[in-house]
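Here is the structure we will look at, set down as structure tokens.
The values are calculated or read from the model by the stated rules, or taken from the named source; none is laboratory data. Bear in mind the structure is a predicted one, so any value in this text is a computation, not a measurement. Because the Cβ atoms are built from the backbone with ideal geometry, glycine has one as well, and the counts that use them run over all protein chains shown. With ligands, DNA and RNA removed, areas are computed over all heavy atoms of the protein, side chains included. Shrake-Rupley method; radii C 1.70, N 1.55, O 1.52, S 1.80 Å.
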There are 2 protein chains.
Amino acid sequence: MKIIGSMGKKTENLKIDAKKSFLKRIAKNVKVSEGERAVEDILRCIYRNQPISTKKIGQYVKLPLPIVSKVRSILERESLLKRDDKGAVLSKKGIDFVENELGLKLKSDMKCPVCSGRNIVFDEKFEKILKKHKTYAKLRPQVNTMIDQSFATPETATARAAIMADRGDLEGKRVLFVGDDDLASIPTAMTGLCSEVVVLDIDDRLLKLISEVSKKENLNIRTVKWDFKNELPSEFVNKFDTIFTDPPYTLNGAVLFMSRGIEALGDNGILYLAFSHKPVEEYIELQKSINNMNFLIYELIPGFNFYEGTEIIGNTTFLARLVGKNLKKIEVNSEKIYTGELKPTLRYYQCMNCKKIHEVGNKVKRIEDLTCECGGKKFSMIKRAKVKQK
Amino acid sequence: MKIIGSMGKKTENLKIDAKKSFLKRIAKNVKVSEGERAVEDILRCIYRNQPISTKKIGQYVKLPLPIVSKVRSILERESLLKRDDKGAVLSKKGIDFVENELGLKLKSDMKCPVCSGRNIVFDEKFEKILKKHKTYAKLRPQVNTMIDQSFATPETATARAAIMADRGDLEGKRVLFVGDDDLASIPTAMTGLCSEVVVLDIDDRLLKLISEVSKKENLNIRTVKWDFKNELPSEFVNKFDTIFTDPPYTLNGAVLFMSRGIEALGDNGILYLAFSHKPVEEYIELQKSINNMNFLIYELIPGFNFYEGTEIIGNTTFLARLVGKNLKKIEVNSEKIYTGELKPTLRYYQCMNCKKIHEVGNKVKRIEDLTCECGGKKFSMIKRAKVKQK
């Protein structure tokens with residue numbers, strides 16, 4: 001703590017300016033919209049958790065991995081960071097900077113090791129559900145990135161069922177999944193708490209899998225193929241109490257899927273939204289849309305959901321429990337809901353066998369369809385580039 | 001799980017209608033704006049936690065105690081509930097209703113017993129801070145309800161310091177408390193992490209106490225008397241990184257205090273808001289105001305804060321961590337920020353010694369000023385009535 005006199009304040013402010021300008025310079029370089037706060041978050045994360053992998057940093061700071069990688073490279077160039085076998089560690093210069101310029105002192109987090117902030121703990125029943133669900137999750141088909149699919153971990157899917165159960169949104173309730181590439185309907189139905197579980201999804205492969213598991217486990221999940229670009233069939237309108245959706249990660253996608261949820265809820269009800277941690281401006285727009293539909297954000301847990309290999313969103317999304325009263329839909333352009341429709345990108349993948357580089361997003365639309373001339377089927381993404389739209 | 005055929009659905013819907021109409025009738029009777037959901041929440045809370053006191057129910061469902069009491073009375077009249085020494089328990093009829101009509105099955109919560117959803121766990125250092133702070137919290141003067149004072153527990157004040165520390169909002173940061181009747185500045189400064197801690201408050205008594213503790217513990221907290229109906233003095237404008245505020249529980253009060261926070265932050269920064277769980281419509285209005293100031297609701301934890309004897313808000317409030325970018329103030333009518341200014345009420349207190357009933361809010365403005373003719377100084381509130389405004 002510094003004593004604040006007029007002289008003291010001047011020195012203090014100069015120091016803050018110097019610190020800010022360094023962080024600002026890096027943030028500008030990386031074009032991260034969160035600005036210097038993002039750079040500071042990354043440094044703090046490393047200071048508390050070193051050595052730490054880029055993936056774990058991404059999960060911690062909730063930023064896409066390409067951004068974390070860029071910041072890390074610049075910090076390495078500035079000699080603040082180095083790498084050891086297990087990940088990033090601060091150099092002597094780095095420690096000096098974070099301790100003396102940023103004022104960091106805490107060597108570890110105080111986050112809850114038991115629930116990670118989800119405020120649920122699996123009881124014996126849910127541990128059993130998780131164990132079973134793990135075997136079914138392995139049967140999932142390959143993701144279809146054209147429709148923004150990404151698979152939540154079995155643990156995440158089970159945690160969703162658990163939080164809905166704990167918060168009183170499953171017992172005796174009619175539950176609808178507006179899309180379910182995460183197979184969260186399976187652990188949800190396994191609780192045996194709901195009066196009805198229905199899954200609508202555009203992907204036949206997933207519906208078939210859910211259907212098969214449902215039959216085998218006697219879960220009575222009803223599956224119906226549906227493209228949410230269309231309004232719900234009348235038999236589903238005003239018939240549900242609780243909605244779960246993990247929509248395409250565009251504002252339009254979120255609003256469209258939530259509006260379909262509103263059709264299913266009628267005037268009132270609960271909607272769980274899993275969505276990526278967007279840059280501040282975009283995220284605020286989403287929250288405004290949520291409120292404009294007359295949903296209250298009752299509970300908001302950052303980093304609730306973990307995914308398998310979705311590096312672009314830093315592998316985690318938040319979960320929001322929304323309470324709706326006098327709900328009203330918002331109309332959006334339903335032709336631009338998937339990331340690929342809104343922001344067409346070319347992605348470059350390197351074959352992990354022969355190192356050849358392939359372009360995806362033009363002739364080859366999806367990484368799932370790529371096979372290397374050498375026969376290799378494993379690739380790692382090395383670059384993304386936006387396609388200029390006409 | 002029921003098999004849904006056209007006949008099954010009809011029976012199911014009839015049943016749902018019957019269930020809903022019963023809950024609706026009670027909700028209407030109590031005039032609780034959350035409607036049947038609130039009644040269902042109360043029943044579920046009792047089912048999982050019986051026997052349970054009214055106060056604990058209020059904390060659980062986040063409703064004001066007078067509303068919980070009313071619902072409980074009606075449920076007793078309907079023979080669904082009875083009371084034993086330790087609180088409310090469901091009767092046989094009650095169990096039958098919640099299990100067969102509402103479909104409840106879970107006999108206990110799955111909430112985190114370690115962090116209660118706060119996603120922080122005190123380390124040794126914070127346990128020491130809490131222990132110390134408990135002794136100082138005892139020195140607080142009586143609450144002044146005219147300015148919506150209510151005292152958070154020492155454990156809550158320390159948890160606020162801990163969450164701000166964990167989330168990276170104290171280390172090297174200039175922290176301002178926009179009002180601090182909870183004395184949260186004391187555990188915050190005790191962390192030794194901040195570059196500056198300043199408290200602005202209208203109440204001399206609290207500032208004096210904070211100042212004395214600060215001197216004794218060498219905390220360097222700066223205290224300044226300020227009425228937030230006025231803009232901040234220029235020396236505090238654009239000078240802080242982190243704001244904490246637990247404003248008067250009116251929308252105007254929240255917006256005014258947050259706007260003062262924005263003056264102190266400048267363009268960007270973090271604001272922690274502790275606020276009561278309002279009815280859905282009012283709460284959505286608050287969230288819209290938050291977003292309109294360009295604050296993002298990054299994390300929202302219901303029931304984070306516990307208070308000593310503030311029954312009217314059910315003893316708990318939420319905590320929201322707001323991330324601001326390109327912040328802008330909202331102008332409000334600063335003459336109507338306290339509950340008493342906005343909704344003048346008469347309250348009736350019974351002397352716990354001689355049982356005489358006293359009116360508070362007219363000649364006697366505050367319960368703090370009341371002494372019974374018998375010499376009694378302990379009262380319990382028995383009734384509230386709104387004063388018609390001119």
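Quick one: helix B:36-49 against the long Cα principal axis of chain B, what's the angle to the nearest 10°, folded into 0 to 90?
Tilt of helix B:36-49: around 90 degrees.
Report the equivalent ellipsoid semi-axes for the protein assembly as shown in whole Å, largest first, defined as the square roots of five times the eigenvalues of the gyration tensor built from alpha carbon atoms.
Semi-axes (√(5λ), whole Å): 43, 38, 22.
Residue by residue through the range A:100-112, which ³J(HN,Hα) values in whole Hz follow from phi under the Karplus form 6.51 cos²θ - 1.76 cosθ + 1.60 (θ = phi - 60°), with glycine and proline marked x?
Karplus values, whole Hz, x for Gly and Pro: 8, 8, 7, x, 6, 9, 6, 8, 8, 6, 10, 5, 6.
Am I reading the A/B interface right? What is its buried accessible area, both sides, 1.4 Å probe, to the nearest 100 Å²?
6700 Å²
Under the definition of partner shielding as Cβ atoms of other protein chains within 10 Å of a residue Cβ, what is the mean value for peptide B:320-326?
So the per-residue partner count for this stretch is 3.
Using the reciprocal of the averaged 1/r over all distinct C-alpha pairs, how large is the Kirkwood radius of the range B:344-386 in Å?
When all Cα pairs of the range B:344-386 are included, the Kirkwood radius is 10.2 Å.
Restricting the count to DSSP beta bridges whose residues both fall in the protein assembly as shown, what percent are antiparallel, rounded to a multiple of 5?
Percent antiparallel among DSSP bridges in the protein assembly as shown is about 65.
Sort A:189-197, A:124-132 for me by packing, meaning the mean count of neighbouring Cβ atoms within 10 Å per residue, highest on top.
Taking the mean over residues of other Cβ atoms within 10 Å, the ranking is A:189-197, A:124-132.
Using the scaling law 2.2 N^0.38 Å as the reference, what is the normalised Cα Rg of the range B:6-101?
That ratio works out to 1.09.
Would you pull out the residues with amide H under 5 Å of B:Gln149's amide H, same chain only if 5 or more places away, H placed 1.01 Å from N?
Answer set, sorted by chain and number: B:Asn144.
Roughly what would the spin-label model give for A:Leu139 and B:Leu346, points 7 Å off Cα along C-beta, in nm?
7.0 nm
Straight-line reach from A:Lys70: which aspartates and glutamates have Cα under 13 Å away, leaving out those fewer than 8 places along the same chain?
Reachable aspartates and glutamates: A:Glu78.
Could you provide, to the nearest whole Å², the per residue accessible area of chain A with probe 1.4 Å?
Heavy-atom SASA per residue in chain A reads 44 Å².
Angle between the Cα long axis of helix A:124-137 and the longest principal axis of chain A, 0 to 90 degrees, nearest 10?
Taking Cα atoms only, the helix is inclined about 90 degrees.
For the range A:188-238, which whole-number percentage of the solvent-accessible area (1.4 Å probe, protein heavy atoms only) is attributable to carbon and sulfur atoms?
Roughly 45 percent of what the probe reaches on the range A:188-238 is carbon or sulfur.
With respect to the cross-link table entries A:Lys62/B:Lys134; A:Lys31/B:Lys173; B:Lys62/B:Lys355; B:Lys208/B:Lys356; A:Lys134/B:Lys20; A:Lys111/B:Lys125, which display a Cα-Cα separation exceeding 26 Å?
Pairs exceeding the cut-off: A:Lys62/B:Lys134; B:Lys62/B:Lys355; B:Lys208/B:Lys356; A:Lys134/B:Lys20.
Between the helical axis of A:6-30 and the dominant principal axis of chain A, each derived from Cα atoms, what acute angle in degrees is found, rounded to the nearest 10?
So the inclination is approximately 60 degrees.
On alpha-carbon atoms, Rg over Rh for the range B:116-222 using Kirkwood Rh?
Taking Rg over the Kirkwood Rh, I get 0.94.
If we count every other residue with Cβ under 15 angstrom of A:Asn292's Cβ, Lys/Arg +1 and Asp/Glu -1, where does the sum land?
Neighbour charge sum, excluding A:Asn292 itself: +1.
Based only on the alpha carbon positions, what is the Kirkwood hydrodynamic radius of chain A, in angstrom?
Evaluated on chain A, it is 22.9 Å.
Under the classification rounded if a/c is under 1.5, otherwise prolate if a/b is larger than b/c and oblate if not, where does the range A:124-324 fall, given a ≥ b ≥ c as square roots of the Cα gyration tensor eigenvalues?
rounded
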